Amino acid sequence: MALLLTVNGEDRTSGHGAMTPLVDVLRDEFHLKGAKPVCREGFCGACTVLLDDHPVMACLLPAGLAVGARIRTVESLAPDGALSPLQQVMEEHDVVQCGMCFPGMLMSLSGFLAVTPRPTRDEVKAALSGNVCRCTGYERIIDAVLSL
Ligand code: FES
Ligand code: FES
């Protein structure tokens, strides 16, 4: 049975089964390649998207459980190609290296900043605790967030 999913404000129909991981529907069927299936075990956070504004790991979430929710992927941050303020400060602080972790980090931070617009350093650290970066230190990422 087809699944009706709302992704980045658009209704999309998936022909995958309800148990297919959401990250696979987003990438393989909807061609939204931002979320990265790196570990597929809920460990790295690279697949993070927002579900009704809450960060979730799309590798662990069956697509059927996202029916009726608002799904947002990293592509929603710059719909017309202009970087969002969060993306701009990341660029200004030169924090991105290979970039595999970054779509997930941006979505975790987007969900977090929506409810905590003026966070402390410790709060930013806690918000990123589910996002693993193997390239860079976290300090400049946190500095970038605090500069918003
Ligand atoms: S790919 Fe989903 S948590 Fe690593
Ligand atoms: S920039 Fe490479 S894993 Fe984070």
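The values are calculated or read from the model by the stated rules, or taken from the named source; none is laboratory data. Owing to the predicted nature of the structure, the values given are computational and were not obtained by experimental measurement. Cβ coordinates were reconstructed from backbone atoms using ideal geometry, including for glycine residues, and neighbour counts include every protein chain displayed. Just so you know, the surface numbers come from the protein's heavy atoms only, side chains and all, with ligands and any DNA or RNA stripped out. Shrake-Rupley method; radii C 1.70, N 1.55, O 1.52, S 1.80 Å.
Filtering 64, 99, 9 for residues that are modelled with pLDDT under 95 and of a type in the set (Gly, Ala, Ser) leaves a single hit, 99. In the set (1) of a type in the set (Gly, Ala, Ser); (2) in contact (Cβ under 8 Å) with a residue 40 or more places away in the chain; (3) not in a helix (DSSP H, G or I), residue 82 fails one condition alone, (2). Restricting attention to region 99-148 and to residues that are among the aromatic types (Phe, Trp, Tyr) and outside any loop (DSSP other than H, G, I, E, B), the residue that is farthest from residue 70 (Cα to Cα) turns out to be 102.
Tell me yes or no: at least one residue of region 45-58 is at negative phi and assigned to a helix (DSSP H, G or I). No: zero hits. If the condition is being of a type in the set (A, V, I, L, M) and either open to solvent by 60 Å² or more (accessible area, probe 1.4 Å) or part of a helix (DSSP H, G or I) (or both), then region 70-79 contributes 74, 77. If you go through region 13-38 and pick out every residue that is open to solvent by 20 Å² or more (accessible area, probe 1.4 Å), over 24 Å from residue 87 (Cα atoms) and without any contact (Cβ under 8 Å) to a residue 40 or more places away in the chain, you end up with 5. Every test in (1) under 16 Å from residue 54 (Cβ atoms); (2) open to solvent by 60 Å² or more (accessible area, probe 1.4 Å); (3) in contact with a Lys or Arg (Cβ under 9 Å, 6 or more places away or on another chain) is passed by residue 104 save one, and that test is (2).
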